[in-house]
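*Asks:* One structure coming up, written as structure tokens, with questions to follow.
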Amino acid sequence: QLVSRFRARFGDDIAVLHSGLTIKQRDAAWQRLHQGELSLAIGARSALFAPMRKPLGLIVVDEEHDSSFKQEEGFRYHARDMALLRAHRAGAVALLGSATPSIEAFHRCESGATTLLTLPERAAGQRMPEVEVLDMRRTGARTGTHPLISGPLERALHECVADGKQAILFLNRRG
């Protein structure tokens, strides 16, 4: 979907780099980038090392907080950090995008090492979701429920089910 959006805007002169390519396809894309035939590369972690012939102007790391940017086998690196390094060395801009920035990225913004840019509204004018933060020490769990489920959450779940809808809970706890 992302590649098709870029192709609609920039045409077919895009190198798409990912592990699903054959060695021949990957080599052809790298050669075209190296020769300057292509100016735009989209891909996974390894796209960061693409041999760009023309001066590099922008590196975008979408969802920079995602743990999949860590390469754990062979040459170990974090693609987010390598993107910052490559952009710095090339005199390019590195754009790290995330709705939930990593602690490291947020700290770099607070310390002035990078600039925080925010989007005050959602794309296409969509409404922001309602969010309520509860202090579990004050609201606590209702008697007989799980200690991670507050009274307001339990009531909201009951209303959701009563309306014939479904709910998915994501708890930031392991196990």
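The values are calculated or read from the model by the stated rules, or taken from the named source; none is laboratory data. Keep in mind the model is a prediction, meaning the values are calculated, not measured. Here Cβ is always computed from backbone atoms with ideal geometry, including for glycine, and neighbour counts include all displayed protein chains. Areas reflect the complete protein model, heavy atoms only, side chains present, ligands, DNA and RNA absent. Shrake-Rupley method; radii C 1.70, N 1.55, O 1.52, S 1.80 Å.
*Asks:* In this structure, does ARG155 turn out to be basic (Lys, Arg), surrounded by 11 or more Cβ atoms within 10 Å (Cβ to Cβ) and within 30 Å of LEU2 (Cα to Cα)? Step through it out loud before you land on a result.
*Replies:* Numbers: basic (Lys, Arg): yes; surrounded by 11 or more Cβ atoms within 10 Å (Cβ to Cβ): yes; within 30 Å of LEU2 (Cα to Cα): no.
For ARG155, the condition - basic (Lys, Arg), surrounded by 11 or more Cβ atoms within 10 Å (Cβ to Cβ) and within 30 Å of LEU2 (Cα to Cα) - is not met.
*Asks:* Please count how many residues of the stretch 74-97 are out of contact with any helix residue (DSSP H, G or I) (no Cβ under 7 Å at 6 or more places or on another chain) and among the small types (Gly, Ala, Ser). Break it down stepwise before answering.
*Replies:* So the first thing to find is which residues in the stretch 74-97 are out of contact with any helix residue (DSSP H, G or I) (no Cβ under 7 Å at 6 or more places or on another chain), and the list is 74-77, 81, 84-85, 87-92, 95, 97.
Keeping just the survivors that are among the small types (Gly, Ala, Ser) gives 74, 87, 90-92, 97.
Selection size over the stretch 74-97: 6.
*Asks:* Between residues in the stretch 66-93 that are modelled with pLDDT of 90 or more and residues that are aliphatic (A, V, I, L, M) and open to solvent by 70 Å² or more (accessible area, probe 1.4 Å), which pairs lie under 7 Å by C-beta distance while being six or more apart or on different chains?
*Replies:* Qualifying pairs under 7 Å: ALA87/VAL93; ALA92/LEU58; VAL93/LEU58.
*Asks:* GLU121: at pLDDT below 90 and loosely packed, with under 14 Cβ neighbours inside 10 Å, yes or no? Steps first, answer last, please.
*Replies:* Numbers: at pLDDT below 90: yes; loosely packed, with under 14 Cβ neighbours inside 10 Å: yes.
Spelling it out, GLU121 is indeed at pLDDT below 90 and loosely packed, with under 14 Cβ neighbours inside 10 Å.
*Asks:* If I go through the stretch 39-60 residue by residue, how many of them are within 18 Å of the chain's Cα centre (by Cα) and either in a strand (DSSP E or B) or of a type in the set (Lys, Arg) (or both)? Spell out how you get there, then give the answer.
*Replies:* From the stretch 39-60, those within 18 Å of the chain's Cα centre (by Cα) are 41-48, 58-60; that's our starting set.
Now narrow it down to the ones that are either in a strand (DSSP E or B) or of a type in the set (Lys, Arg) (or both): 41-43, 45, 58-60.
Adding up the residues that qualify gives 7.
*Asks:* Same structure again: Hey, any hits in the stretch 31-38 for a residue that's without any contact (Cβ under 8 Å) to a residue 60 or more places away in the chain, open to solvent by 30 Å² or more (accessible area, probe 1.4 Å), farther than 30 Å from THR114 by Cβ and under 22 Å from the mean Cα position of the chain (by Cα)?
*Replies:* no
*Asks:* Being of a type in the set (D, E, K, R) and part of a loop (DSSP other than H, G, I, E, B) is true for just one of GLU159, GLU132. Which residue is that? Spell out the reasoning first.
*Replies:* Numbers: GLU159 fails: part of a loop (DSSP other than H, G, I, E, B).
The unique qualifying residue is GLU132.
*Asks:* Working only within the stretch 80-118, note down all residues that are closer than 20 Å to ASP66 by Cβ, part of a helix (DSSP H, G or I) and open to solvent by less than 60 Å² (accessible area, probe 1.4 Å).
*Replies:* If the condition is that a residue be closer than 20 Å to ASP66 by Cβ, part of a helix (DSSP H, G or I) and open to solvent by less than 60 Å² (accessible area, probe 1.4 Å), then ARG80, MET82, ALA83, LEU84, ALA87, ALA105, ARG108, CYS109 are the ones that fit.
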